[in-house]
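Nothing in this text is a laboratory measurement; each read-out follows from the coordinates by a stated rule. A quick note: this is a predicted structure, and the numbers were derived from the prediction, not measured. A quick note on method: Cβ atoms are made from the backbone with ideal geometry, for glycine too, and the neighbour counts reach across all protein chains shown.
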Amino acid sequence: MADNLFEIQDLCLCIGNKPIFSGINLNIPKNQTTAIIGPSGCGKSSFLSCLNLLITHISKYRLVGKICWNNNKINDNNDLDMHSFRRKVGTVFQQPMPFPTTIRKNLSIPLRQHFRLKRSEENDRIESVLKEVGLWEEIRHRIDHSANDLSGGQKQRLCLARALILNPDVMLMDEPCSALDPISTQTVEALIQKLKSKLTTVIVTHNLQQAKRLADHIVVFWFDVQSGGYIIESGSSEKLFSSPEEDITRSYLRGALG
Amino acid sequence: MLSLYLRPMINPCFQGVKLASVLAVVAVFIWIVGDIFWQGLPKINADFLFGTPSNAGRDGGIRPVILSTIYILAIAILATLPFATLTGLFFSEKLFPLSPIFRPLQRFVDILAGVPSVVFGLFGNTYFCNYLGMGYSILSGGLTLACMILPLAAKILQNAFSSIPNEYVSGGEALGLSKFTIFSKIMIPSVLPQVTAIYIICIGRALAETAALLFTSGYVMRDPESLFDSGRTLSIHIYDLSMNITGGNANAYKTAFVLVIMLLLINYIAHITIRKWTRLSHGR
């Protein structure tokens, strides 16, 4: 039985009285890839935002339940050091949006926030993370140019590098390839595959084939008007894609629903 | 039926009206600037720029007036930018949610932006000159101008901060960046072009202002030795020469020429500086 990085118990997120999702119970095992799939509007991205507590401090949202990180409750925890927690939880969003500055500064800003490094160490770290995401050869001569000049795929890899440079324990990815063309998607997917061995990854995706290719575990979200989003089924990727237990899951995987 | 015959004429008519509007605007600009250049340029020399005024401003130069203008302008800009930036950030709700109690304050800022400058002059006279004991001084004038410019600058910066994509802020928060880092390293570089706009608006309004300064910085035409000295700006000098001094029109035109050149020069320098700053910050 694998150790769990996140343990989620009876989690419910509401805006006012309207539930976004409710009754979520889920364990996310360490050093494995968990894919969250389901139709639009069922609360997958909101759920992901709860894991790094991005949504919980916004006053209009109300979060009930328990999110444990390495057996420590992190929501409603005043003792939690938010900055160091977020350093360990890398996040990649749907839209590749590097900061409006140079490629180097995109990486050095988070690095300088969390570590005190000499200039040479900082440069080494930037070079190594850009090599890890396969960008170094493409941009080494224009590292001091604007990050906005990069292509969509390059921007998304830079956003990945921006999170990876902080040595996170987990990577949360919210449809990281949805804004990319097939070739860029392939590059980013290959990178996620490479990271699988050393990181826990949680990926939200609409692409079922991508979920099948990347994930060890699959969580299927569904939606009804009264309770908002909820988990209809979860399990190992192999089992869920070959013999799902629920009819809705079967129909969804077949493309007849959602 | 008639509309069918008229339809082919609509586009040429629209084009004609458009062109006439553009020509009218350009003509007014050329007329004003041309008149100032025509009357002012031939008589400009180094003595006028670097000399001191005499005979109530009819003769001599305008060095003290230029110096006072630069000082008042610098005080107004330095006092405006930090307050406008923080007020704009506060109302934009990008980094900190705005409590409903503070929402009506936005309306006050809007109203303040439309208050006539003479009212700011009266306020500056009462508060800075009398209550704080600064008297008629460059400092009183600069701070009064800052109060006058602040609401407009804050509004422009609020809109600028609001237009920053949420992904920049949430991306920064997701990386565990402090709010100050997000503000200084991500948000400020994003709004640099708007900062240029504010810079230019501040300069334009400060150089053109007379009403607010008549009550606060005073009329004195000698070299200012400190910020607590009274000093007149170029626009007050023009007003005084053309309205109060018989035979002062020639020097008024020369001063107006200097004012226009100064405005163009400062705008150009502001553009160049911000462009370089943007390039440094955003990358080549």
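Assorted remarks:
- With the charge dipole of the protein assembly as shown set up from +1 on Lys and Arg Cβ and -1 on Asp and Glu Cβ about the Cα centre, the Cα lying farthest toward the positive end among the listed residues B:Ile32, B:Pro12, B:Ala76 is that of B:Ile32.
- All Cα-Cα separations within the stretch A:105-153 were binned at 10 Å from zero, giving a P(r) of 24, 56, 19, 1, each value a whole percent of the pairs.
- For the stretch B:46-281, pairs of C-alpha atoms spaced more than 33 angstrom apart make up 27 percent of the total.
- Eigen-decomposition of the gyration tensor built on the alpha-carbon atoms of the stretch B:64-134 gives equivalent ellipsoid semi-axes of 29, 17, 11 angstrom, largest listed first.
- Rounded to the nearest 20 debye, dipole of chain B from Cβ charges on Lys, Arg, Asp, Glu: 700 debye
- Karplus 3J(HN,Hα) series, Hz, for the stretch A:213-220 with 6.51 cos²θ - 1.76 cosθ + 1.60 (x for Gly, Pro): 5, 9, 8, 8, 10, 10, 10, 9
- Peptide A:100-110 has a mean shielding of 5, counted as Cβ atoms of other protein chains within 10 Å of each residue's Cβ.
- The equivalent ellipsoid that matches the C-alpha gyration tensor of the protein assembly as shown spans semi-axes of 60, 27, 24 angstrom, in descending order.
- Each principal axis of the Cα cloud of chain A was evaluated for its coordinate range; sorted largest first, these ranges are 54, 43, 36 Å.
- Fluctuation leader among A:Ile183, A:Ile139, A:Ile126 - chain A, Gaussian network, Cα springs under 10 angstrom: A:Ile183
- Restricting attention to the stretch B:46-281, the count of lysine pairs at 8 or more positions apart or across chains with alpha carbons under 23 Å apart stands at 6.
- Once both labels are positioned 7 Å from their Cα atoms along Cα-to-Cβ, the gap between B:Ser163 and B:Tyr219 label points is 4.4 nm.
- Between A:Leu80 and A:Arg112, residue separation times 0.36 nm minus the direct Cα-Cα distance comes to 9.4 nm.
- Within the listed set B:Ile44, B:Ile238, B:Ile75, the residue fluctuating most in the Gaussian network model of chain B (springs between alpha-carbon atoms under 10 angstrom) is B:Ile44.
- Once the convex hull of all Cα atoms in the stretch B:90-165 is built, its volume per residue stands at 107 Å³.
- 3J(HN,Hα) along the stretch B:18-35: 4, 5, 5, 4, 4, 4, 4, 4, 4, 5, 4, 4, 5, 4, 4, 5, x, 4 Hz, from the Karplus curve 6.51 cos²θ - 1.76 cosθ + 1.60 with θ = phi - 60°, whole Hz, x for Gly and Pro.
- Spacing of the two label points (7 Å from each Cα toward its C-beta) at B:Leu280 and A:Glu137, in nm: 3.6 nm
- In a simple Cβ point-charge model (Lys, Arg +1; Asp, Glu -1; nothing else charged), the stretch A:186-258 has a dipole of about 420 debye relative to its Cα centre.
- Positive-end residue of A:Leu180, A:Asn148, B:Ser184, charge dipole of the protein assembly as shown with Cβ unit charges: A:Asn148
- Tilt relative to chain A, helix A:103-114 - C-alpha long axis, 0 to 90 degrees, to 10: 70 degrees
- Using the Cβ-Cβ distance between A:Lys30 and B:Leu265 with R0 = 60 Å, the FRET efficiency computed as 1/(1 + (r/R0)^6) comes to roughly 0.40.
- Sum of side-chain charges, A:Pro244 neighbourhood, beta-carbon under 13 Å (Lys, Arg +1; Asp, Glu -1): -1
- Cα extents for the stretch B:223-284 along the principal axes, largest to smallest and rounded to whole angstrom: 56, 28, 14.
- The fewest-to-most ranking of B:Ile111, B:Ile266, A:Ile36 by surrounding Cβ atoms within 10 Å reads B:Ile111, B:Ile266, A:Ile36.
- Under a 5 Å amide H cut-off, with hydrogens placed 1.01 Å from N, A:Met173 pairs with A:Val92, A:Val202, A:Ile203, A:Val204 among residues at least 5 apart or on other chains.
- Extension gain from B:Ser99 to B:Arg7, taking 0.36 nm per residue of separation minus the Cα-Cα distance: 27.7 nm
- Against chain A, whose longest principal axis comes from its Cα atoms, helix A:119-132 is set at around 50 degrees.
- With a cut-off of 18 Å on the backbone N, the residues of the stretch A:162-187 near the modelled label site 7 Å out from A:Asn70 along Cα-Cβ are A:164-172.
- DSSP bridge pairs, the protein assembly as shown: antiparallel proportion in percent, nearest 5: 60 percent
- Label separation (B:Phe108 vs A:Gln94): 4.0 nm, computed from points 7 Å beyond Cα along the C-beta direction.
- Averaged over the residues of B:161-174, the number of partner chain Cβ atoms lying within 10 Å of the residue Cβ comes to 5.
- Across the stretch B:131-178, Cα-Cα pairs farther apart than 11 Å form 75% of the total.
- Sequence-distant lysines (8 or more away, or on other chains) whose Cα lies within less than 22 Å of A:Lys44: A:Lys18, A:Lys30, A:Lys60, A:Lys66, A:Lys73, A:Lys88, A:Lys196, A:Lys212, A:Lys239
- Rg to Rh, two decimals, where the stretch A:169-258 supplies the alpha carbon set and Rh follows Kirkwood: 0.98
- The stretch A:38-177 - Rg over Rh from alpha carbon coordinates, Kirkwood radius: 1.00
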